[in-house]
Every structure is written in C-alpha cells, then in structure tokens.
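Each remark here refers to the structure printed beneath this line.
The values are calculated or read from the model by the stated rules, or taken from the named source; none is laboratory data. Since this is a predicted model, take the numbers as computed values, not measurements. Heads up, the Cβs are rebuilt from the backbone with ideal geometry, glycines too, and the neighbour counts pull from every protein chain shown.
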Amino acid sequence: MMGSSSTEGSRSMGIDLDKLPIKRLESIDEFGNEQFPPDRSNEEQRLAQIRRIDFSSVVEKDAKKAKKTSSSASKEAPQAWPWQGLVDNLHLAHQELSVIIDLINTVEANDAVAVAGMQRPKQLPSEALADLAVSAATKLHRLRNLGRYFRQSSKALEQQVLREARFYGSLIRLQQNWKVKRQRLATSGPGSEGFSFDLLDSSALSDLAAISRPLSMATVRIDHDSAGNLAIQVPKKSCRSLSVQFLGADTSCKRSFFSKGEVYNSSVLAQAAKREALTDEDVNKCVKGAHSVLREIHRSIFEEQVFDVLNLETYNPSQGINVTGMREDFLQLAIGQENSLCICLVPSGGEDVSQMILTGHTHSEESEFSSSELAVTDEKHDPFKKKLLDVPSPISLETYLLYIFHEYFLTRAKERHYHVNHRPQLSGQPPGSSYALLDHFCMTVAHRMFSNKVLSEIERLVSRVPYLHLISQFTWHSRTSSWSLCLKVPEPSLHAGRIRKLSDNQEVNCKIRSQFHTKVILKDDQISVTGEGSPSIVGSFNGNYSDLCLINCFGCDLEDLPMILLQQIAGQVIHWLHEEALVVGMNASRDFLCLYFDLDQGDTLGLVAHVDPDDVYGCISWWVVLENWSMEEGKLSTGNGESENRKFLGYLSLEALYSTVMDLISLCSAGGNH
Amino acid sequence: MSKAGGAGSGPTAAAAAAAAQKQKTLLQRVDADVANIVDNFSLLINVARVNDPPFRNSQEAFQMEMRAARMVQAADSLLKLVSELKQTAIFSGFASLNENVDRRIEVFNQQAENTEKLLERIAEQAAASLKELETHYYSSVARTHQLDA
C-alpha cells in the first residue's frame, strides 16, 4: 500500500510506494549481531497506514464549497429560510460527531487505542448566549408556573377566609342569644366544625322531679355548607307544640306555625352560593333563619317541659284536678260535670322541619293533631253545639297555660339568682311548688265556662228589661268576673233644685238618686250579688232602711240568679218611687216589692211589682192593689188574675211608672173615692 | 390579644400564667409563620437567578417549587391560627359574653315591661271600648224600639 501525497492546487494524485515487506537490516552491533526492525502486528500496520492518510485536500474542497454556498446564499438572502444556518450548523456538527464516533468505535474495536479524554471545545459567544437564553426561558417558564400556583393558592385562601368569616361571624352573632358548645369527640362528619347549640334551659328545672322525657333535640349540631354559611341540623319530626282542645271540639281550627318572621330558606342560599360571592344580606337572612329555627326548637322544648310538669302534677291528688285519660303525649281532664279538656303534644307543622329547611318551603304549615282518637263534633247535634259555644277559646287557654308556667319558671329563676347572689339559701325553706298551677288552670277553665253561662243569663234578663243596662267590669283576674246592672231612673223636672228637709235626726239628702247599681261578682263558681237601694230583711222589721244592702247568696245557683236580680231591681224601682212620693209630700210606705199609699178610712192603695224570669214579654210587671181595712194586714189577696181589688198595669217603663205613681198620689190626695 | 392583660385581675394566678403562656405560644407561632414566608420568598428569589454558565436547572426548579409550597403552607397555618383565635374568643370570652348577656337581659326585660304595659293599655282600651259600646247599645233607639215592639 503506498501512501499518497498531494501537492497544493494540483488535481493529480501522488503515489507513494511502500517499502517491500522484507526485513532490512538496520544495524550491526560490535559483536556482529544483526539488528532488525521489530515485527509489527497487523493492527500497528493498519494504524500506521491510517496516519499516512492525508485528509487536507478533502477539507479544502469542503471549505471551498462552503464559501461558494455562502456567497450564493448571501445573494439569495431575501429568499432564504431563517433557520437554514442553524440546520447547516447542526448538520456539520453531526458529521463531525459521526466521524469522531466512527473513529472511536474503530479504535476501541481494535483495542489499540482507548479514548483518554475529550475536552469541550470552547464555546462561541453565540452558543453561550443561546445557552443563557434557554436557561432564562426555562426559569421564566417555571416562574410563571409558580405564579399560577400562587394565584390559585391565594384564591383558595381568600375563599377559606370568606367562609370562615361568614361562619364565625354568624356563630358569634347567634352566640349573643344562644349557648354554644364545642364537641371534642371526633364524631363530626364532613362540613361539621364540632360545635352545637345547647337549647336546654336547666336553670328553671334543676330542682324539679326527674323529667322522664329525653330532650334529644336540646342539642342542635352546627354545620356549614360549601359557602361557609352556618347550617343547623334539626332532627326530623322533633318540634312539637302544646295543644289544648275540648273533647269533641271542632278540629278545623288550624294553627299556623312559622308564621312569625321569615323562615330559613336554604334555596335562596343555594342559588346565592352558585354566584361568585354571597352578599351580606344573604348571610343576614341565614342568621335570621337559623335564629328563628332555634327559637322554634326552644319553644318546643319549653312546651314539652310544661307538659311534663303537668303530668307530674297529676300524680298529686288535688281537688281541682280530675284526670280521665292519660297517654304519653296526651292528658285528658274533666272540667265540671259536662266537659273534658285535652292537653296534648302535637307535631309542629305538617311536614318534617328539617325537610322544610332543606327545600326552603316558606308557607305556613297546618298542625296535625297526634291524638286522632278525639271525637269529632256532629254539627247537627244542637245541644252539643250549644255547649261548645260556652267554652272559651282553646288558643287563649294555651296562651294562658304557657304564660302561667313561664311566670312560674321565671320567678323561680329570679329567686334562685337572688339566693345565690345575695344570701345563702335557707334550709327547709321550700323553693316553691308548681303543684297549684294545674289546679289553678283547671279552675280557671271551669270559671270561664261558668262565667259564660252566667253572662248569658244576665244578658237574657237585661234584654227583657228595657231600663236595665249591663256594664261588664274587668277584674284582671282569671277566676273572677264581675258585671254591673245599672238602673237609670228618669229625673223629672219637678224635682230640679228642690231640697227636702227631713227631721232633725236625719241628714238632708240634697240629691235624688238617678241610678242604681247591682253588682254581680263571680269568684270561681260562687256568685255574689251586691245591690243598693233595696231594703234589707232586717230593716224591714225595724223600719230602718239602709241605702246599701248586701245580699250574700252562698250556694247561689245559676237558676236562682235571675230571680234574685229581678227582685233586686224591682226593689230599687220601688225605692225610687218611694223617694219620689216622699218628695211630693205623700206619705208612702214600702215593703219589699210593694209601694203603699194610705187612703182615708184605713184603705191602702199599693203598687206591686211582679217578677218572672221566664216571662218573654218582660220580666217585671206591675199591679195595682187596693187593700181595705177588712183585709188582713200585710196580706194581699191570693189568686191570679184581675179582680176588684187588683188591676194589672203591664210592663211599664220608668216614665210610665212615675206617671202612674203621680196619678195614684193625686187619687189618694183626692180622697180615693171610687 | 388583650385577654392576658385583663386575665390577671380576675382569675387565679395559675389561670393567668396559663393565659400568658398561651399568648406567648401563639405569638411565637405567628412569628414563625411570618418568618417562614419571608425566608422562603427570599430564597425563591435567589433561586430564580439565571446562572452563568447555566446548570442545575432541574435542581433549582425543584427548589423553587418547594419554597412556594412552604410559603403556602405557612399562610395556611396562619389562617388556622386565626380560626383558633376565633374559637378561643367564642368559648373563652366570658367577660364580654357576660356583659352581652346582661345587656340582652336588660333589653328583654325592658321589652317585656313594654309589652306588658302595651297589653295593659290594650286591655284598658278594650274595656273602655266595651263599656262605651255597651252604653251606646243599651241607650240606642233601636233597642228601645225593639223592646217596644
């Protein structure tokens, strides 16, 4: 194999001839030994041959080609691809790398040469700037990713801040009125903060007997929704209300619950939560709704406690309490002989309270009476219907029952607070008992029913006596009622300004009475009648008449009341007529319901009042009676109907009576001859 | 954090010491979280520098992400601290709670009194109206004519 050499600028190929493959003597040493060149292996021979290859011509050719292409590319610059230079450089680099890799592989395959190391070639400025640009771009990209991460985190943290602000703000506002407790057990589920409202007011019931009814709804768990709004978990069918009904009463009387204020409408909040941000008004509505729900639960708890106390009181026998029926949520009491009162716990609303909260129903609910065993009223049954008209309003009874128990609890709480803060509680001092409350309530109901009957009797009476006025007087006591029957007498003009002088022993009565009052007072079921102007029984014997007489009717029945009142009123009329007669100087006398005028020859002319409560034309009628000396003193002729000695005048008004009396006086003054 | 100042006057010394210790702990947590945020942010900025010659890019990228995550974690820790403070205020602010309860009691008592007075006024007006109506009815010509008929 001959080496080749080339001269610059010539296209001819030089040929070198190798030495013949024979061993040539290199030298002979002094001892005559011949020194031959060492034998070279095939690999050494191959390497030597490769070293002899001259690549300079090829490199020069490539350089020339590159110059030509660059010159042509500069001429065509406006049309060149901007990335062409980069591509060419990459191609060249690739070629160089390929050559080097081939060389390395060949050397390593022949195991003759091992690559000791490679030095990185010095970077060109453009390459350094390119690397810097790539590094900066990479950093910028990563920083932008970090920026997005920070933005997302900030949004999430802001939302968390808003959620917590809403939740804790609502909780702090509700804490102004309700007791908040923290649950330290890990029993809370998702969306729960471990808080709860404690609605049980133990201050009023701490020393009462054990309440058998477990108040599971006294603890209301607090949750929050996705928007952070405070939500309340209310057990289903937990709210119940106290209901008072009369046995056989019309159950069509409905009560509307949740009618006060707005109901917690979660649908509004659900719609609001879909928006980007909840307004303060939405949060306020949420707080108000939660407050109203808690208020309803608290009211329900109080009414259940009242029912429990009522049950406890029934265990103590009392005169006014007559239990005729009892179940878990139902208590039946007998009021008097004819009526029965039912006190029961009914569910509040027609559907689940919690369901109403979730669905956002705001219509007022009708109550469902759990005691469906109550008898239904037959409206065609007249006596029963009439009896129902005398019963007081059940709603007013419910209100009153709750009121008296609330006052009792409040008083006990204040007393306890006073004892704790000011002085130690004295041993043996009874803290007060609620045992009389049910008794008082039953007696109140009985009184109200009896009062209605008494009033109806009095009204019937007054409707038949034209000159009688009924005035209702308020006693502000639940078991006391009072009415006043006013009898206004006319004031004739003859008596205006006249002063009658009586004997020295009597005081001057300067004023003629213009009206008389009869007061009817009902305490529980005891009727007492106080009248003025009617003669007393004692006074009728000794001739002394007092202006004010008290007629106590112990055990006065309702049946006797009309007669007693009519007698009282008739007596007042007689009293007035008697005074009028005395004014005109007539010597008249009176005896209970009679007014007598003395005639000559011992005769007596009398004006007699006849009272009949059942008389539909008028309860008080008048008769004129003539008594002569032949008749027994103090006795009128018996028998009904008119006769020579008695004449029926009819149902006269007061003016007519006055005229009649004046006529009788005139008649008497004229001698009374007939 | 004025609870510690006012706590020494009311409760016992042990409770006051515990409150002071808790306040100190909370302040330390706040300082630690804020310092954490500041340090990580400064380190993040340092790592964001472009080196010459550029190397360790992956390592620096991981460092940047780590610093950012620590910052967010510290912010979240601060928020949790705020929640704890709010819970403490809800369940430990007895002085303010008692004051508020007393105030509400006064307001409700006043409302109760006003309501009772209003009810009394209504009852009195009802009584007066009833009396007037009764007087008118029993003095009316219609009643008289009815009775005469």
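For the reader, a short list of remarks on this structure follows.
- All conditions in (1) touching a strand residue (DSSP E or B) at 6+ places or on another chain (Cβ under 8 Å); (2) within 9 Å of chain B (Cβ to nearest Cβ) hold for A:Trp483, with the sole exception of (2).
- Condition check for A:Asn229: at pLDDT 75 or above and surrounded by 12 or more Cβ atoms within 10 Å (Cβ to Cβ): yes
- Segment A:469-481 residues that are in contact (Cβ under 8 Å) with a residue 12 or more places away in the chain and not assigned by the TED database to the domain that holds A:Thr399, paired with ones that are charged (D, E, K, R) and assigned to a loop (DSSP other than H, G, I, E, B) (beta carbon under 9 Å, 6 or more apart): A:Arg479/A:Asp524; A:Thr480/A:Asp524
- Among the residues making up segment B:50-90, a single one is facing another protein chain (nearest Cβ under 8 Å), charged (D, E, K, R) and not in a helix (DSSP H, G or I): B:Asp52.
- All positions within segment A:140-164 that are more than 8 Å from chain B (Cβ to nearest Cβ) and surrounded by 15 or more Cβ atoms within 10 Å (Cβ to Cβ): A:Arg163
- In this structure, B:Ala35 does satisfy being in a helix (DSSP H, G or I), at pLDDT 95 or above and among the small types (Gly, Ala, Ser).
- Considering only residues in segment B:86-101 that are among the polar types (S, T, N, Q) and in contact with a Lys or Arg (Cβ under 9 Å, 6 or more places away or on another chain), the one that is farthest from A:Phe195 (Cα to Cα) turns out to be B:Ser92.
- Criterion: touching a Lys or Arg at 6+ places or on another chain (Cβ under 8 Å) and modelled with pLDDT under 80 - qualifying residue of A:Gly3, A:Gly9, A:Gly14: A:Gly3
- Residue, nearest to the other protein chains (Cβ to nearest Cβ), within segment A:446-475, restricted to residues that are part of a strand (DSSP E or B) and more than 42 Å from the chain's Cα centre (by Cα): A:His469
- Test for B:Ile105: is it surrounded by fewer than 12 Cβ atoms within 10 Å (Cβ to Cβ), under 29 Å from A:Gly194 (Cβ atoms) and of a type in the set (Val, Ile, Thr): yes
- If you go through segment A:122-139 and pick out every residue that is more than 9 Å from every other protein chain (Cβ to nearest Cβ) and among the aliphatic types (A, V, I, L, M), you end up with 5.
Every residue, every condition in (1) of a type in the set (S, T, N, Q); (2) in contact with a Ser or Thr (Cβ under 9 Å, 6 or more places away or on another chain); (3) modelled with pLDDT of 85 or more; (4) part of a helix (DSSP H, G or I), yes or no:
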residue: A:Glu580; (1), (2), (3), (4): no, no, yes, yes
residue: A:Val608; (1), (2), (3), (4): no, no, yes, no
residue: A:Asp614; (1), (2), (3), (4): no, no, yes, no
residue: A:Asn640; (1), (2), (3), (4): yes, no, no, no
residue: A:Met662; (1), (2), (3), (4): no, no, yes, yes
residue: A:Ile665; (1), (2), (3), (4): no, no, no, yes
residue: A:Cys668; (1), (2), (3), (4): no, no, no, yes
residue: A:Gly671; (1), (2), (3), (4): no, no, no, no
residue: A:His674; (1), (2), (3), (4): no, no, no, no
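- When residues of segment B:108-127 are limited to those that are within 30 Å of A:Leu470 (Cα to Cα) and within 10 Å of chain A (Cβ to nearest Cβ), the one surrounded by the most Cβ atoms within 10 Å (Cβ to Cβ): B:Ala127
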